[in-house]
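Notes follow the structure.
Read the figures in this text as sums done on the coordinates, not as results from a lab. On a predicted model such as this, the values are computed, not experimentally measured, just so you know. Glycine also receives a Cβ, built like all others from the backbone with ideal geometry; neighbour counts cover every protein chain displayed.
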2 protein chains.
Amino acid sequence: MRHLTILLLGLLSPLVAAWEALPEQAPYPADNPPGAAKIELGKQLFFDPRFSATGTVSCNSCHNLMAGGDDSRQTSMGVHGLTGPRNAPTVWNAAFHSVQFWDGRAKTLEDQAKGPVVAHVEMGMSDLDAAIARVRDIPGYVSQFEAVFGGEQPVSIDNAAKAVAAFERTLITPNSPYDRYVNGDQSALSEQQLRGMQSFAELGCVACHRGPAFNGPLMPGGVGFFISFPFHDSPYVEQYGLRDEPGRFAVTQDEADRHKYRVPTLRNIALTAPYFHNGRVKTLDEAVRVMAPSQLHKQLSDTQVADVVAFLNALTGPFPALTLPRLPPTPGRSVADPESPATP
Amino acid sequence: MRHLTILLLGLLSPLVAAWEALPEQAPYPADNPPGAAKIELGKQLFFDPRFSATGTVSCNSCHNLMAGGDDSRQTSMGVHGLTGPRNAPTVWNAAFHSVQFWDGRAKTLEDQAKGPVVAHVEMGMSDLDAAIARVRDIPGYVSQFEAVFGGEQPVSIDNAAKAVAAFERTLITPNSPYDRYVNGDQSALSEQQLRGMQSFAELGCVACHRGPAFNGPLMPGGVGFFISFPFHDSPYVEQYGLRDEPGRFAVTQDEADRHKYRVPTLRNIALTAPYFHNGRVKTLDEAVRVMAPSQLHKQLSDTQVADVVAFLNALTGPFPALTLPRLPPTPGRSVADPESPATP
């Protein structure tokens, strides 16, 4: 059976994008090359909650690196218990997206990193100057910015964003079972996963979810691969509120962009429930069931759903080991010192 | 000068508790011996936000191990942005306290670990059964509980608390500059720190803040060392609301316990601003200034304050290196799946 499956996949391969393994390194822009000290600085900033209004929310709060790079919530909870409108995308392999956010409003990881800091339902800082003033107030950060960036004003929001982006480019998961299979280890996938891989190709999922990150064709940095979701009508539209918000239209004000979204990576999709831009679909099984009529005008059998889900599970991990950073201290005082009277 | 200081300390030593270094291992109860697998399990539970009502709050949220084992806030912020009445005590070296919480209402780390899970302003679970039901729903936890605890019902709140407590007993910071000095390295403290050490003894701070953790005499487990705070009147009482809540009276209903608190450890005190049970005092300098009239009926000169603060800085770290745990997944679904409509 496995041989037959492989044979079939071989025959299909001219019809679909070739199966590609995830590179061992993420691409990076010419003006932000990686470096150990920069990555370490970015890691500290990523985990530091002091740059939120309440001192409680860091990048890692909603993009939990101990888990799927998200927060397991329908929509994220930021400062003061406020929630936003969209489901947190995973930070794992975000480096392989050509644009960031569901609506692609940031062209780079560097641009993306600045957004949540000042979103009132996320980190809730009044402005980026206020955030960088806190960074500047922490001697252990100042010395790192000086060492990494130098120049007249090393502690800047642009440099902070560069450091965070450099760290995020290390948050990649090559060598999943799928990658090992593509690289020649025929035992890396189960029979069911191979059937699911075949279904994934035959059904046409791979038309959009292609390439090494399963997020579309290779695009120039800053140019997004956007698709209407849902493309076709179905009862799911009402059931899950799939057209309740405008998608990329909110960015461009172009009617052609209404309900369009960046095609998200399927890497580690098994760890990022609940699903879709609004987080309304609770399980991966149901997400696969929703996608078929919505995008491909097809209905899947339970077996097809189970097979595709099994294949998607082959896109999980492995995750790089991370040490917990020590956050630079301000001995004898706090930087984040929000007013915090007890709740009545 | 340094020799003179050491000589003076030598002369003083009969009057005060001998200076003691922190042990390399924390004590543990007979029914919860440490073990690598148990500690690893406890670490995962400590960092896992899925056992809070919103899926956003873990032990580490308010006891941040990347920092001072606290949250830099006046009082902590739990689920839905709710805040409690007291400042989060550090988890670093909590293992050396004979009772837990400011009011000593938990006799052990094991008992303490269960409290915040069901506190409505902290993790906000409806009850401990609901929390352990979530643990039981995660296969990667079930297998670890089985391997570590065995028995009929290995996944229990008592066993979860044991695992967390076993992990917390590894969160200790021996070998600070102070410890190295006490162990014979005469270069470990600066001249100012030595002056501060002398002032700390002469002023009488050490009467309460003694022993290796600077939290009082060695007490049997479960028996607290409680002191009235403030002991004497001063303008600080009103300025910082020092008598605005009843302290241990709330636990015992005994008038003798009104405004009494467990003597907190001074280990890593430089990293745990703001200060005192209500977190109203923002800096360590001011905390030292408040303590002198409040507890010792003395006024300190600016030099004495600076010297004592310099000494207290010698009680910081070093912190054990920690790897970020991977949290056991539930592929294709979430365990914590709170309703989370967007904030209007």
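Structure data summary
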| item | result |
| --- | --- |
| Of A:PRO85, A:PRO177, A:PRO331, the one that fluctuates the most in a GNM where chain A has Cα springs shorter than 10 Å | A:PRO331 |
| The protein assembly as shown - share of DSSP beta bridges that are antiparallel (%, nearest 5) | 90 |
| Scattering curve values for the stretch B:78-225, log₁₀ I(q)/I(0), Debye with Cα scatterers, q = 0.15, 0.19 Å⁻¹ | -0.92, -1.20 |
| Sum of side-chain charges, B:PRO318 neighbourhood, beta-carbon under 11 Å (Lys, Arg +1; Asp, Glu -1) | +1 |
| Dipole magnitude of the protein assembly as shown, debye to nearest 20 (Cβ charges: Lys/Arg +1, Asp/Glu -1, about Cα centre) | 420 |
| Point-to-point label distance, B:ALA18-B:ALA133, nm (Cα→Cβ direction, 7 Å offset) | 5.5 |
| Cβ neighbours within 10 Å from other chains - mean over B:52-63 | 3 |
| Rotation relating B and A, chain A residue nearest the axis via C-beta, angstrom | A:GLY81, 2 |
| Relative contact order for chain B, counting Cα pairs under 8 Å that sit 6 or more residues apart, in percent | 24 |
| Exercise: per-residue mean of other protein chain Cβ atoms within 10 Å, A:280-287 | 2 |
| Order by protection proxy (mean Cβ within 10 Å, highest first), peptides A:261-267, B:147-153 | A:261-267, B:147-153 |
| Degrees between helix A:139-149 axis and first principal axis of chain A (Cα, 0 to 90, nearest 10) | 60 |
| Beta bridges by DSSP in chain B, antiparallel share as percent, to the nearest 5 | 90 |
| Environment charge of A:LEU45, counting only residues whose C-beta is closer than 12 Å and scoring Lys/Arg +1, Asp/Glu -1 | +3 |
| Local net charge near A:ASP158, Cβ-Cβ under 9 Å (Lys/Arg +1, Asp/Glu -1) | +1 |
| Per-selection Kirkwood Rh - the stretch A:167-254 (Cα, Å, 1 d.p.) | 16.2 |
| Over chain A - Rg/Rh using Cα atoms and the Kirkwood inverse-distance radius | 0.99 |
| Computed E for B:LEU218/A:ALA37 - FRET, C-beta separation, R0 51 angstrom, nearest 0.05 | 0.70 |
| GNM flexibility winner over chain A from A:ASN32, A:ASN313, A:ASN93 (Cα, springs under 10 Å) | A:ASN32 |
| For the protein assembly as shown, convex hull of alpha carbons as volume per residue, Å³ | 176 |
| Label-point separation in nm, A:THR170 to A:ALA256, each point 7 Å along Cα→Cβ | 4.1 |
| Gaussian network model of chain B, springs between alpha carbon atoms under 10 Å - residue of B:GLN239, B:GLN44, B:GLN112 with greatest fluctuation | B:GLN239 |
| Links that overshoot a 32 Å alpha carbon limit, given the list A:LYS282/B:LYS114; A:LYS114/A:LYS260; A:LYS38/B:LYS162 | A:LYS38/B:LYS162 |
| For chain A, calculated [θ]222 nm from helices alone, where every DSSP H run of n ≥ 4 adds -39500 (n - 2.57) | -10000 deg cm²/dmol |
| Folded to 0 to 90 degrees: helix A:302-313 orientation relative to chain A principal axis, Cα | 40 |
| Estimated Rh, the stretch A:25-67: Kirkwood, alpha-carbon pairs, angstrom | 11.9 |
| Other copies of A:MET219: label-to-label distances in nm, shortest first, labels 7 Å along the beta-carbon direction | 6.1 |
| Cβ neighbours within 10 Å from other chains - mean over B:318-328 | 4 |
| Residue (of B:ALA67, B:ALA95, B:ILE39) at the positive-pole extreme of the stretch B:36-168, dipole from beta-carbon charges | B:ALA67 |
| Cβ-based exposure ranking for A:VAL305, A:VAL135, in which fewest neighbours within 10 Å come first | A:VAL305, A:VAL135 |
